Amino acid sequence: MIHDIVSAVNGVLWGWLLIAMLILAGIWFSVRLGGVQIFQFRHMFSLLKGSSQHDKAGISSFQALCTSLSARVGTGNLAGVAVAISLGGAGAVFWMWVIAFLGMATGFAESLLGQLYKVKDGNGEYRGGPAYYIQQGLNKRWLAIAFSLCLFLGYGFIFSAVQANSITDALNHAYGIPTLHAGVVIIMLAGVIVIGGLRGIARFSEWMVPLMGISYVLVAIGITLLNIEQVPAMLYNIITSAFGLQEAAGGAFGAALKHGIQRGLYSNEAGSGSVPHAAASATPNPNHPASQGYVQMLGVFLDTMVLCTCTAMIILLAGGSQGEQMEGIRLTQDAMAFHLGGGGNDFVAAAISLFAFTSVVANYAYGESNLHMFKLDNRAGRSVYTAGYLAMILWGSMASLPQVWAMADMALGLMTVINIIAIVWLTPTIVNVSRDYLAQRKAGQTPEYRNGNCEIQGSTEQWRDN
């Protein structure tokens, strides 16, 4: 019965509803923000300078970027790309690029709001996210509660199960390690890290994410250079498959569009409302909400345009294509083994273990940040939440691939619908705060936000005392 419910909900969400919402929202914010992902492309890199500074209540902008990347960079980059190609063909990669480009503007908008409407919890730490800007900006507590519940379902429980499933499957495929045993080890390691709370997760992400990301990109570049003569044909295949232009394509266009956008969203999370939680926790430099919009926009670019493209290159250059059934991390492992021999399996097993494990611990932080909405940010509330989170990791380590992906798609879809409605509703605030930032830069000033700088919707608790 649960499977039937999940399938029915996904049929509504992903039967073009979310695809249309994501594309239209991306176009809307790209236009309203003046092509921010194009004309401010260099600026988002420049903000990394000095991004390691933070005060006692928050984490640094760099730590916030790494925390958001640790949640993004995981199963979606290695297994998700494989799922997209196996179900949608090479053309799915093109639509992943499209949704990432548009999603950069959407990600800017939601991260700006996350920083603008942040609050301090009982421990003196910054909290924020869609539930907070829905309640403070729109004064719609019922909608804020609905989002929080969807986020608990997704990031608190289901998404970590997906990551655990990919880790245990990869280790089982490479070394024959029983999934139950691997799942128990993941629980033990994750438990040790999440006890340290958001700051502990941020410190772990700060050194792990750059290390694993750079290593993976270097290997992918090496493979691409060794097969450089095949690259033009591969790119031609991506473009023609994306629009169903190949002979006997059948429903290739629809499959490529659907699975490319679906897996692209799962990978970069732009518009889903997850990243604003990390953005809200940062102490921005410069001290302006828009700065976190630029920093997290960079995260969308690095996640999909760089890392997902690396995986796509590895799979397609090994002859990977659309098949009759869903393929996950094993398709990526087999493609890497094609290029590197027996060591390819080992490399992907190590990569997915690191990538997905960082996502597991970052997912915990996103769920924990919403305990404040229900007045459960205390020892008892955290204990119950942590127990459920760890139990779902164990379930995911042994569940079937289609089962966990279907539940993840449902949770992500519900979050995204609510969040996109909210950020579009808050467009005047996003545009005004963004213009205030750019106006100060144009005047040669270091941007600094103060209440009264520009007209916003609702009230901002934290910035009132700035």
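Tabulated values for the structure
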item	result
From the options Ile187, Ile134, Ile145, residue that is assigned to a helix (DSSP H, G or I), touching a residue at least 40 places away in the same chain (Cβ under 8 Å), open to solvent by less than 10 Å² (accessible area, probe 1.4 Å) and among the aliphatic types (A, V, I, L, M)	Ile134
Phe301 hydrophobic (A, V, I, L, M, F, W, C), open to solvent by 10 Å² or more (accessible area, probe 1.4 Å) and in contact with a Gly (Cβ under 6 Å, 6 or more places away or on another chain)	no
Unique match (being at negative phi, outside any helix (DSSP H, G or I) and in contact (Cβ under 8 Å) with a residue 24 or more places away in the chain) among Ile418, Ile456, Ile393	Ile456
Top-ranked residue of the range 77-96 - restricted to ones that are part of a helix (DSSP H, G or I), touching a Ser or Thr at 6+ places or on another chain (Cβ under 7 Å) and closer than 27 Å to Ile38 by Cβ, ranked as modelled with the lowest pLDDT	Asn77
Out of Leu151, Leu198, Leu116, sole residue that is buried (at least 24 other Cβ atoms within 10 Å of the Cβ), more than 30 Å from Ala318 (Cβ to Cβ) and at pLDDT below 80	Leu198
Residues within the range 411-455 that are open to solvent by 40 Å² or more (accessible area, probe 1.4 Å) and aliphatic (A, V, I, L, M), tallied	6
Residue pairs meeting the criteria (Cβ under 9 Å; at least 6 apart or on separate chains; first under 17 Å from Ser148 (Cα atoms), in the range 376-388; second hydroxyl-bearing (Ser, Thr, Tyr))	Leu376/Tyr385; Asp377/Ser369; Tyr385/Tyr364; Thr386/Tyr364
Flag for Leu151 being over 15 Å from the mean Cα position of the chain (by Cα) and over 30 Å from Phe347 (Cβ atoms)	no
The range 113-131, residues that are within 16 Å of the chain's Cα centre (by Cα) and not in a loop (DSSP other than H, G, I, E, B)	Gly114, Pro130
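Residues checked against (1) buried (at least 19 other Cβ atoms within 10 Å of the Cβ); (2) farther than 29 Å from Tyr155 by Cβ:
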{"site": "Met336", "(1), (2)": "yes, no"}
{"site": "Leu340", "(1), (2)": "no, yes"}
{"site": "Gly344", "(1), (2)": "yes, yes"}
{"site": "Ser353", "(1), (2)": "yes, no"}
{"site": "Ala356", "(1), (2)": "yes, no"}
{"site": "Ser359", "(1), (2)": "yes, no"}
{"site": "Tyr364", "(1), (2)": "yes, no"}
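The values are calculated or read from the model by the stated rules, or taken from the named source; none is laboratory data. All values derive from a computational prediction rather than experimental measurement. For neighbour counting, all protein chains shown are included, and Cβ atoms are generated from backbone atoms with ideal geometry for every residue, glycine included. Ligands, DNA and RNA are excluded from the accessible area calculation, which covers all protein heavy atoms including side chains. Shrake-Rupley method; radii C 1.70, N 1.55, O 1.52, S 1.80 Å.
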